[in-house]
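Undergrad: Would you mind keeping the following structure in view while I ask a few things?
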Amino acid sequence: MAVYYHIGQGYAHTFLNGITLFAWNGQKANIIAQKFWGGCNWRCFNERSAKEESILMLKDFLKGQAKAMGSMVAESQLLDFSRNMIEATYQKCLG
């Protein structure tokens, strides 16, 4: 799993223009979720809020995958798993 922030540098602020989540399929990294902000919806970059947005994006992806397989998984389980995956990804980047 990898998280990529699309960052923009303005005159006075750093902006979060988007987030892309990747998952490794055994041969290459595939995009599993992507979200962009722009125009009037720009956001100043904040590591904590970017991480939370990444967690929600992963949760939504996993929810869709479970539904496609005919499974129902509790929202709390999806959120906990997503949080753990994103945290593990951050730890790998720091280590």
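The values are calculated or read from the model by the stated rules, or taken from the named source; none is laboratory data. On a predicted model such as this, the values are computed, not experimentally measured, just so you know. Ideal geometry is used to build each Cβ from the backbone, glycine not excepted, and the neighbour counts take in all protein chains shown. What goes into the accessible areas is simple: the full protein's heavy atoms, side chains included, and nothing from ligands, DNA or RNA. Shrake-Rupley method; radii C 1.70, N 1.55, O 1.52, S 1.80 Å.
Undergrad: Hey, which lysines would be in cross-link range of LYS51, C-alpha to C-alpha under 19 Å, not counting anything within fewer than 8 residues on its own chain?
TA: Excluding near neighbours in sequence, the set is LYS35, LYS59, LYS63, LYS92.
Undergrad: Taking all protein chains together and a probe of 1.4 Å, list CYS44, CYS93 from the most accessible to the least accessible.
TA: CYS93, CYS44
Undergrad: Here's something else I'd like to know. Within a Cβ distance under 12 Å of MET85, other residues only, what is the Lys/Arg minus Asp/Glu net charge?
TA: Charge balance near MET85 sits at +2.
Undergrad: For the chain, set up a GNM with springs between Cα atoms under 10 Å and report which of GLY39, GLY18, GLY64 has the largest fluctuation.
TA: Answer for the Gaussian network model of the chain: GLY39.
Undergrad: Tell me the carbon and sulfur percent of the accessible area for segment 47-93, rounded to whole percent, probe radius 1.4 Å.
TA: Reported share for carbon and sulfur atoms: 58 percent.
Undergrad: Can you show me the helix-derived [θ] at 222 nm for the chain, built from DSSP H runs with n ≥ 4 at -39,500 (n - 2.57) apiece and divided by the number of residues, rounded to the nearest 500.
TA: For the chain, the value works out to -15500 deg cm²/dmol.
Undergrad: Further question on the same structure: Whole-Hz Karplus ³J(HN,Hα) for segment 67-72, in order, using 6.51 cos²θ - 1.76 cosθ + 1.60 and θ = phi - 60°, x for Gly and Pro?
TA: Along segment 67-72, the couplings run 4, 5, 8, x, 9, 10 Hz.
Undergrad: Once you've got the GNM for the chain with C-alpha springs shorter than 10 Å, pick whichever of ALA68, ALA29, ALA50 has the biggest mean-square fluctuation.
TA: With Cα springs under 10 Å in the chain, the top fluctuation among ALA68, ALA29, ALA50 is at ALA68.
Undergrad: How high is the relative contact order of the chain, given as a whole-number percent (alpha carbon pairs under 8 Å, six or more residues apart)?
TA: That works out to 22 percent.
Undergrad: Scan around ASN17 for amide H atoms under 5 Å from its own, H built in the peptide plane at 1.01 Å from N, and keep only partners 5 or more places away or cross-chain.
TA: Under 5 Å from the amide H of ASN17 lie the amide H atoms of HIS6, ILE7, GLY8, each far enough along the sequence or on another chain.
Undergrad: I want the local charge near VAL73. Using Cβ-Cβ distances under 14 Å, sum +1 for each Lys or Arg and -1 for each Asp or Glu among the other residues.
TA: Here the count lands on 0.
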